[in-house]
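Notes follow once the structure below has been shown.
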Amino acid sequence: MHTAFLTVKEAAEYLGLSPHTLYVWRHRRQGPPSFRMGPRGRVMYRREALDAWVREQEQADSRSNEALSPLSTVPQHRSSRMPSA
């Protein structure tokens, strides 16, 4: 059974990262969304939020998103005129 909420350690394992990386990203307000839960304020991640964050990373990467690929755009030609001095 998969739980909807993951601890930092579980989220790191799920993403193939180190827990330290997630802590650093959280401190810098980067990476997947996280929140504190419970009386001890444990940092938690929603599994669905991790999946959505991974999809966003894929779409932001030009190697995964054809629309962002520099190879899919029409090259712009530079003017051969020299600027006047």
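The values are calculated or read from the model by the stated rules, or taken from the named source; none is laboratory data. Worth saying up front: this structure is predicted, and the values here are computed from it rather than measured. So basically every Cβ, Gly included, is an ideal-geometry build from the backbone, and we count neighbours across all protein chains shown. With ligands, DNA and RNA removed, areas are computed over all heavy atoms of the protein, side chains included. Shrake-Rupley method; radii C 1.70, N 1.55, O 1.52, S 1.80 Å.
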- Task: State the extension gain, in nm to one decimal, for the chain segment bounded by Glu66 and Tyr14, taking 0.36 nm per residue of separation less the distance between their alpha-carbons.
- Result: 16.1 nm
- Query: How high is the FRET efficiency from Gln57 to Phe5, r the C-beta distance, R0 25 Å, rounded to 0.05?
  - Reply: 0.75
- Message: With a 1.4 Å probe and all protein chains left in place, how much of the accessible area of segment 1-53 comes from carbon and sulfur atoms, in whole percent?
- Response: 52
- Given the Cα-Cα distance of Arg47 and Phe35 and 0.36 nm per residue of separation, how much length would full extension add, in nm? 3.1 nm
